[in-house]
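Participant: Once you've had a glance at the structure underneath, I'll fire off some questions.
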Amino acid sequence: MNCRFISFIFTCIIVTQIAVSSSSDGYRAYIILMDKSIMPSPFSSHHSWYTSILSSLSDEVPAMHLYTYNHVMDGFSAVLTKPQLSQLQKTPGHLATFEEKLGHLHTTHTPKFLGLKKHAGLWPISGFGEDMIIGILDTGIWPESESFHDKGMSEVPSRWRGTCETENFCNKKVIGARSFSQGMKQLKENISITDDYDSPRDFEGHGTHTSSTATGSRVQFADYFGYAKGTAVGIAPKARLAMYKVLFLNNSYDAAASDTLAGMDQAIEDGVDLMSLSLGFIETPFYENPIAIGAFAAMEKGIFVSCSAGNAGPHAYTITNGAPWITTVGAGTVDRDFVAFVTPSDHTYETLIGKSFFPENLLVDRVPIYFGYGNISKETCDYDSLDPKDVQGKYIFCHDAAIDVHELETTGAAGAIFSSDSGQFLRPKDCNLPFVVLDLDSGNSLKNYIINTENATISVKYGETLLGVKGAPQVAYFSSRGPDQRSPWILKPDLLAPGVNILAAWAPNRKSAPIGDDYLLSDYKLVSGTSMASPHVVGIAALLKAAHRDWSPAAIRSAMMTTANIFDNNGSIIMDMTTGEEGTPLDYGAGHVNPNKAMDPGLIYDIQPQDYINYLCAMNYTRNQIRIISKRSEISCANATLDLNYPSFILVLNNTNTTRYTFQRVLTNVGRSNCSYRALVKIPPFGMNVTVEPETIFFEERYSRVKFEMSVDVDITDAPPTYSGYYGNSGYLRWVEMNGTHVVQSPIVSAVASPKTI
């Protein structure tokens, strides 16, 4: 039996259930695919054939026709009872039936996942980030993308000093676009149009993606080849965008330090309010790191700087951009999966759901499935052992096997089904051929069907999106982990934000999706990385700054950190995607950012520029080294301390199993006057004791400040065998408002020192 490939894209939203009498037997909407080649000759059109079939179906209530499809697919949709469905499936020409699902008009989904709403909370209070100016340092921008339209936007703020160096690049949304390539040209003789644009135009797509994630305008009907359909919108859709291109193709995409500093310098000069950099340099002392240097200058001007944590996880001490004046962002998953439905032809077996990104909205109907290569006990996929005559036109089933499709095409097989415990690591670029990855339980179900069914066949429907997936967020496997090599006395990353399979704008002339030996193009693309997480946070910071114009960069970061979520949507501690175990603050920092809570944090931990100088002094930097960072000619180290007024706490065990430290902190009240807070401490089951003095604090007025001390004793001498060295004990300090609603939470964590720590 040859499989049929029917490609279709839905262009309308179909109501999936019709209100009828409760006596109806499973009266539901279905999509029915038909073989139009066998339409009987008396019928003048397929529509008349389909309606005739429906009228012939008997039951207490009549079948209801919804739509006839002439282009998107061969078939129709209808509302049927279960007996009518059974009759229809026996009709000549019937290929497949899929129960319809509710179609929702949703965003690229991360704003919804973050809790942002049109009519309540931070979005409307901040005016959707109106007139905030976000500077993005990246690969450039594709200004013609619909995500950068300026419909409904007011005039450019008069305080803006920037410009677009390329004609017709700018509007009221994109108000600045500059390119910095002189340093790169010293490393590479020239930048030609064949491998990049020597202009702010995006050659690769990365900068377009990060920019639209942070501040993209609303665009309906965005998708990635049928996946993630909805309305694309940035986190701060009314904010302005300025692009500073500093990344160019040089075998890979690289940024020269001189170009990066020039871009940051120009952004400060132009008058940006915030910056996001989804790039990083090899970790060096801060006085040798261009991003750390540029970010310090920005911080002194009141500019919030967000940076990606790096994609070198899941190992400890892999963080980049760890300077304490930078908000460092790790990547997490969202409650959305991209899947295919695998339906055994014997309807006594349930439809199975597996992971897939195959870029065709494709139905494969009743294709034979091959398993075992003649020996049902053989469950590994060794393509070399396959006889093409055995698998030609069939799907291969690989149970509890490594996911490997590199040789699949050479076998002549139509596709593959894998069952594996590593499907969560599947990426869009892996799916150039039609295949699905089931979890092991679903794989066992399919195996049971195949073993017990002669000439087993399956139907596979690609291009599906599931929302509300439980167990989200999780820490992405690639997200770099803390502590920071150069500065382990500050917990990094600071926050977790969406960074896995994020849909956003893309350069339309660049490769978007592999298919066979070729690539498809698209205006929108699914991309993963901490590169995607940083623009989420800078967008949220823009909303917070619009709502609280007097907040410093440290205040904005504190508000996000002390209100972050440490629980997933199952109510469990955020999991590490790699291990399947509970994560720690060294994985996710203070937690997953929660914009609406950050709008009203109650208390903040603020930091002044001199506090960072004191920290650098305690790191044993020389005055000349500190001057490189701070540009100050007079450096005072009289108050040197590693105890920065940070909204998190970390102790480093340096060749010892025990340590003790007393932290001193100052809290600023940004809530109501005459309020009291009580300290609550949650400690791990072993190895940590915490005392707080005073246990109750009182604020007479808004913006009043109160000091407290917290002493932490750590002893891991009797740690259980499961204790992981770097990922030490962790607990939490919570300041709980008495007779109020605010809870100000900070992580407490210990970590074993890295041998490379300076």
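Participant: Region 209-313: D in µm²/s via Stokes-Einstein (Kirkwood Rh, Cα pairs, 37 °C, 0.692 mPa s)? Show your work: numbers first, answer last.
Facilitator: Working: Rh = 15.4 Å.
Rounded to a whole number, D works out at 213 µm²/s.
Participant: Here's something else I'd like to know. Between helix 609-618 and the chain, what is the angle of the helix's C-alpha long axis to the longest principal axis, kept within 0 to 90° and rounded to the nearest 10?
Facilitator: 80 degrees
Participant: Which peptide among 172-180, 204-212, 648-656, 41-49 comes first, and what is the full order, when sorted by highest mean count of other Cβ atoms within 10 Å?
Facilitator: In decreasing order of mean packing, 172-180, 204-212, 648-656, 41-49 become 204-212, 172-180, 648-656, 41-49.
Participant: Right, another one. Describe numerically, in nm with one decimal, the distance between label points set 7 Å from Cα along Cα→Cβ at LYS185 and at PHE567.
Facilitator: According to this spin-label approximation, the distance is 5.7 nm.
Participant: On C-alpha positions alone, give me the angle between the axis of helix 46-56 and the longest principal axis of the chain, in degrees, nearest 10.
Facilitator: 70 degrees
Participant: What is the distance, in nm, between label points placed 7 Å from the Cα along the Cα-to-Cβ direction at ARG705 and at SER52?
Facilitator: 8.5 nm
Participant: Tell me the per residue accessible area of the chain using a 1.4 Å probe; a whole number in Å² is fine.
Facilitator: So the chain comes to 40 Å² accessible per residue, rounded to a whole number.
Participant: Take every Cα-Cα distance within region 419-520, group them into 5 Å bins from 0 onward, and report for each bin the whole-number percent of pairs it holds.
Facilitator: 2, 8, 12, 16, 17, 14, 12, 9, 6, 3, 1, 1, 0
Participant: Once you've got the Cα coordinates, tell me which of LYS117/LYS229; LYS245/LYS301; LYS118/LYS511 are over 24 Å apart. Working shown, then result.
Facilitator: Working: LYS117/LYS229 19 Å; LYS245/LYS301 22 Å; LYS118/LYS511 34 Å.
Where the Cα-Cα span goes over 24 Å, the pairs concerned are LYS118/LYS511.
Participant: Still on this structure, I have one more. Normalising by the residue count of the chain, find the relative contact order in percent from Cα pairs under 8 Å and 6+ residues apart.
Facilitator: In percent, rounded to a whole number, it is 13.
Participant: Give me, ordered by chain and number, the residues 5 or more places off TRP325 or on other chains with an amide H under 5 Å from its own placed amide H.
Facilitator: Amide H to amide H, under 5 Å and 5 or more residues apart or across chains, TRP325 pairs with nothing.
Participant: When we measure straight from the Cα of LYS355, which aspartates and glutamates land under 12 angstrom away, once same-chain ones fewer than 8 places off are left out?
Facilitator: In chain and number order, the partners are ASP337, ASP421, ASP430, ASP439, GLU464.
Participant: If you don't mind, there's one more thing I want to ask. What are the extents of the Cα atoms of region 297-350 along their three principal axes, listed from largest to smallest and rounded to whole Å?
Facilitator: Here the spans come out as 67, 26, 10 Å, largest first.
Participant: How about LYS238: which aspartates and glutamates have a C-alpha closer than 20 Å to its C-alpha, ignoring those fewer than 8 places off in the same chain?
Facilitator: Reachable aspartates and glutamates: GLU130, ASP131, GLU144, GLU146, ASP150, GLU155, ASP270, ASP273, ASP550.
Participant: Next up: Quick one: angle between helix 440-451 and the longest Cα principal axis of the chain, in degrees between 0 and 90, rounded to 10, please.
Facilitator: 10 degrees
Participant: Could you tell me what a quarter of the Cα convex hull surface of region 360-493 works out to, in nm² with one decimal place?
Facilitator: 11.1 nm²
Participant: If you average 1/r across every pair of different Cα atoms in region 144-242 and take the reciprocal, what Kirkwood value do you get, in Å? Before the final figure, lay out each step's value.
Facilitator: Values: mean 1/r = 0.0665 Å⁻¹.
This gives a value of 15.0 Å.
Participant: While we're looking at this one, here's another question. Ignoring everything except DSSP H segments at least 4 long, calculate the 222 nm mean residue ellipticity for the chain; use -39,500 (n - 2.57) per segment, divide by total residues, nearest 500.
Facilitator: The helix contribution divided over the chain gives -5000 deg cm²/dmol.
Participant: Also: Per residue of region 269-283, in order, report the coupling 6.51 cos²θ - 1.76 cosθ + 1.60 (Karplus, θ = phi - 60°) as ³J(HN,Hα) in whole Hz, putting x for Gly and Pro.
Facilitator: Karplus values, whole Hz, x for Gly and Pro: 4, 5, x, 5, 9, 8, 9, 9, 10, 9, 8, x, 10, 3, 5.
Participant: In region 247-286, how does Rg compare with the Kirkwood Rh, expressed as the Rg/Rh ratio over alpha carbon atoms?
Facilitator: 1.00
Participant: Next question, about the same structure. Quick one, what does Rg over Rh come out to for region 484-626 if you take C-alpha atoms and the Kirkwood Rh?
Facilitator: Radius of gyration over Kirkwood radius for region 484-626 works out to 1.06.
Participant: Roughly how many nanometres apart are two label points built 7 Å out from the Cα toward the Cβ at SER673 and THR622?
Facilitator: 5.2 nm
Participant: Continuing with the same structure: Report the Stokes-Einstein translational diffusion coefficient (µm² s⁻¹, integer) for region 458-562, Rh taken as the Kirkwood radius over Cα pairs, at 20 °C with viscosity 1.002 mPa s.
Facilitator: Values: Rh = 17.1 Å.
Approximately 125 µm²/s, per Stokes-Einstein.
Participant: Using the scaling law 2.2 N^0.38 Å as the reference, what is the normalised Cα Rg of region 268-369?
Facilitator: 1.81
The values are calculated or read from the model by the stated rules, or taken from the named source; none is laboratory data. As the structure is a prediction and not an experimental result, all values here were calculated from the model. Neighbour counts are summed over all protein chains in view; Cβ atoms, including those assigned to glycine, are modelled from backbone coordinates with ideal geometry. For accessibility, only protein heavy atoms count, side chains too; no ligands or nucleic acids. Shrake-Rupley method; radii C 1.70, N 1.55, O 1.52, S 1.80 Å.
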